[in-house]
Each structure stands twice: as C-alpha cells, then as structure tokens.
Amino acid sequence: MDQVRIKSAEQSKGGIRKILGFAALIIATFMGVIDGTIVNIALPDITTYFHTSLSDTAWITTIYIMALAVFMITASKLADQFGRKKMMLIGLVIFGVASALCGVSNSLMSLIALRLFQGLGGAIITPVVIPMVIELFGKSKMASMASVIGAVTGLAAAGGPPLGGVLIQYGGWRTIFFVNVPFAVLAFLLVAACTDESYDHTVSKKVDVWGILLLSAAIFLLSFALLKGNDYGWQSVGIIGMFIGAAASTVLFFVVERNVKAPMIELGLFKEMTFTMSSVCYMLTGFGLVGSSIIFNYFLQNVRQYKALDAAFIVMFASLTVIIAMPLGSLITSKWSARPVNFLGVLLMGVGCFLLSRVGIHTAKHVMIADMVVAGVGMGFACQTIVSSIKHLPHEKSGFGSGIVNAARQIGTCIGIALLVSLLDTNVANAKTDLKHDALLDIDRMSISDSVKTVAKKDLQDIFQTSDTDKLKTLQTKLETDVKSAVIAQAAHPDAALLRQAKSPADAQLLVKAQLLKESDSFRQVMTRVNNERDDKMVGAFRNVLGIAAIILMVTSVFGLFTDRKTQKITVQ
C-alpha cells in the first residue's frame, strides 16, 4: 500500500512538473511571436519621442522580423545538435535582457540594435518549443498539445496591435518592452526546473559552417529586399543586387549541402508532402496576417481616424476568435483529417480580407467586428498547419522541421509586407496626387479673390504631404483659420468695383459682408467636396490592396488539401 501511495505521489509530482514545463513553453511561444507585431502600433509614439521620421523608426519592426527569419532555422539545427533545453535557456536570457535594455534605450540606433538581439532570442525560442513539448508528453499527445501552441501562436500574432494599444495608452511605449522581462524570468526558471534535455541523436555534432553562412545570407538578402524594396526602390541597384545575391547564395547553399557529410538541412525532408505543403500553408498564414492585421489597422487609424486603442478594440476580435478556432480545428483534425482544416483556414483568411475590403468610411463597428471574426477563424484553422507539418516526420526531426515551418511564416510575412504595403503606398500616393490636382482646380474655379486662393493653395500643399492623422487635423484647422483671416483682410480693403456699387457707406458695409459670406461659403463647399473625395479615394486604395490579398489567399488555399498525405518515408541519417 505504501508503495502504491509513493508511486501515485511520484506520478502526481511528475504531472505537475509537466504542466509547469508546458506553461513555460507557452509563455516563451507567446513572447517570441507577439514582439513581431506589438511594436507596430507604437511606432508613431517612438517617432515623436526620438524626433525622427517614421521610415527610420520602422527599422525597429523590420530588424526583428529579419532576425527571426534569418536565425530561426540555424537555431533549431544547433538545438538538435547541442541540446534544446540549453538553447531555450540561452534564448530566454538573450530575449529578456534585450527587452529590458530596449525599454531604457535613449537613442533610436541603440533601440534598433537591441531589437536585433531581441529577434535573435525570439528565433532561438520559437522553433524549440514543439520538440520540447514532444519530449514532455510524447508524440502521441502532440496534436492536443500543439493545438494549444497553435492557438497561442495565432493569438500572439494577431493580438500584438490590440495589446500594444492598451499598454501604450496607459503606460507609454516603453512598457511594450518592459512587460516581457518578468515573463522571461518566469519562463527561464520553469524551463530550468521542469523540463528535460533532448537532442536529435541521429545528427552529427559537426557544425556545417558554410551551410549556415550561405543559408543565413540568402534569407537575409531576400528578407531585406522584400521589406525595404519599397523604400529604396524596386529597380534600385541595391535591391536588385540583393535579389541576385539571395538567388546566388541559395544555389551555392544547395551545391554545398549535396557535398557535405553532415548537411545543415536534410533535403530529403521536403520529399514528405505533408511537411512541405504545411510549410507553404504556414507561409500563407504569415502573408494573410499582414492584410487582416497591419493593413486594416492602418486603415482604421489613418482613414477612419481611430485612436490606437479604438483600432485595437476592432482588431482584437480576430485574436479572441483564434483561441476558439484553433482547438476546434484540432478536434476536426483528430476526427477526420488536417486537410479540410488547413484548406478552410487559408480560404477563410482570404474571405476575411475580402470582407474587410468592403469596409467603407461609414461601416458600422459591429460589421467590422464580424469581418474580423471570420478572419480569426481562418487564422485559428490555418495555424493547425504547424501541427500537421511534423505529423509524418520522424520524432528526431520534429525540432528542425519546426524551425523550417516557423521560418516559412516569417518569410510569408516579409512577402506580405513587400507586396501589400508596396501596393498600398502606390495606391495612396496616386489617390493623393488625384486629390491634390482636383482640389487645386476647384480653388481656381472659386469666386474668391486671388489672395485668398494663394493662402488656400499653400496650406493644401502641406495637407497632402502628410500622412500623420493628428498633424492632418492640425493642418486642416490651420487652413480654415488662414482662409478666414485672408477673407477678412480682403474685406477690410474691398476693391473699387465693389465700392462703386454702393450708394452709401452703409450699403458698402453690407456689400462687403455679403462678399465675405460668399467667399467663406464657397470655400466650405470646396473643402466638403475635397474631404468626401479624399474618403472615397483612400477607401478605394485600401479596398484594392485587401482585395488582392483575398484573391491570393483564396486561390492558394488549395495547398491545404495536400497537408495530410504521407507520400515518402523519411530515412533518419
């Protein structure tokens, strides 16, 4: 009886240890993913704080995404070789320390540099989670455990903007970095105490240095060109050179990998159809997140002129839906197959983007929330691909497979930013050019004095050169004030023709007041027309981009139908 009690107590203790270890891995997953999107909403505040341009501040986000994409596959390989627990602890230390230092940064350059190290920490943490979960619970329970991981991943990816909005509203931009520190410390302690070390015992301990360098170079050049091509110009020598360099590095990488005894990537993994197609679908998930999160959030703040927290309230419904959709997708997968779930996931993300493309300047909040719920179901289902990706891989290859599929999502995000943000910038620039041309023509046609026209045109030039919502409102107020002052000044010195119409000083005063009202009324009519046209053209610019994202996602959703078919037995080398 005593032995039974002792065995039961040991099992209970072991169960608690597993739960705490799993909780640590969930915390690590959430931190690593959310920092890729949470900073976006803080960029305007950081720009103002450091008195710099938004294009410079955008490097805070760009460098983090690039670090994830470049280092993730390498980190997963090193973890398989030298110990996943060790790499997780190293990643948590790097991430936590970098987060704390980001929060106390006093210059933009130091903040960008520290974000690089924070991204390195995230790149180490993210791909190691799944193999460590398998070590805790066994591969037989991977589906249920991974559904939680997938839900957390989707929640973190979509929940960055709303959570960032709340933190910034009540604590300032530095809090989005400081909030990571206690969680990093907690995760470190729990991982150290409640998880066991694991390796891929089938791989050599020899590091493929050339493979690492060439693969890192290829991903770096590709992601840099995709993320910054719009800023530097797609036809610029630098960007074209980077695309060529990425292609050359990739070719050299495959040549090297075929001729080394211990390659960085076992190319035979890609013969397994489920793994390859799941990686493609997860890449599409990263692409889709750009449309439903970044692009639509930009629409809410810059076209609907919502405050950051108000925009976050709309976007967060996608995050909340992911929490429900991911376990539901896991349940469907366990009863039937991952294929319908992954297919519907990408398809519904496309449908969500299509519905968001129909949102206008007067669309009610409940309609936008319903659209985000559809997108959230798609995200939740699509995140199931992270589970199906390793379903038919050997147990030992789950860590490296996780690194590849997670890197695929980051590359998908880079492609989404390159394509969708570039299209949006082009559409917005064209819309502003048309608006400016029409507005200046309208002012020329107005029955107002030349001096008033000159003032109005000058202020309109300033308005069309800004995209900052608060500055736009200030400039519009300035325009109205300047025009009113110019009209009053003109009325104080009426032209001779107007005075000749007056039969008396009293009549002259009445004529001057009538002229003042006429010019003011004409100007108000023009500005009302300009504002209405601005709303229509800007909405059209966003609709076009979200519509393109919807088409791409709905067409490519067919890849999901190939994500649960074991077609090749993978030989462990």
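Observations
- With an a/c value of 1.5 or above and a/b not larger than b/c for the gyration tensor axes a ≥ b ≥ c computed over the alpha-carbon atoms, region 254-351 is described as oblate.
- Residue-by-residue Karplus 3J(HN,Hα) for region 215-227, coefficients 6.51, -1.76, 1.60, Hz, glycine and proline x: 5, 4, 5, 4, 5, 4, 5, 5, 5, 4, 4, 5, 6
- Simple spin-label estimate for N259 and I240 gives 3.0 nm between the two label positions (7 Å along the Cα-to-Cβ direction from each Cα).
- Three-way shape call for region 281-401 based on the alpha-carbon gyration tensor, with the a/c threshold at 1.5: prolate
- Protection proxy ranking, highest mean first, for peptides 174-184, 284-294: 284-294, 174-184, where packing is the per-residue count of other beta-carbon atoms within 10 Å, averaged.
- Three-way shape call for region 29-131 based on the alpha-carbon gyration tensor, with the a/c threshold at 1.5: prolate
- Too-long pairs where the Cα-Cα distance tops 25 Å, listed order kept, from K77/K228; K77/K271; K228/K271; K228/K307: K77/K228; K228/K271; K228/K307
- Here the Karplus curve 6.51 cos²θ - 1.76 cosθ + 1.60, taken at θ = phi - 60°, turns the phi angles of region 399-414 into couplings of x, 5, x, 4, x, 5, 5, 5, 5, 4, 5, 5, 5, x, 5, 4 Hz, with x standing for Gly and Pro.
- Computed in the context of the full set of protein chains, the accessible area of region 176-245 at 1.4 Å probe radius has 75% of its extent on carbon or sulfur.
The values are calculated or read from the model by the stated rules, or taken from the named source; none is laboratory data. Everything numeric here is computed off the predicted structure, so don't read it as measured data. Here the Cβ is made from the backbone with ideal geometry for all residues, glycine too, and neighbour counts use every protein chain on show. For the accessible areas, the whole protein counts, side chains as well, though only heavy atoms, and no ligand, DNA or RNA atoms are used. Shrake-Rupley method; radii C 1.70, N 1.55, O 1.52, S 1.80 Å.
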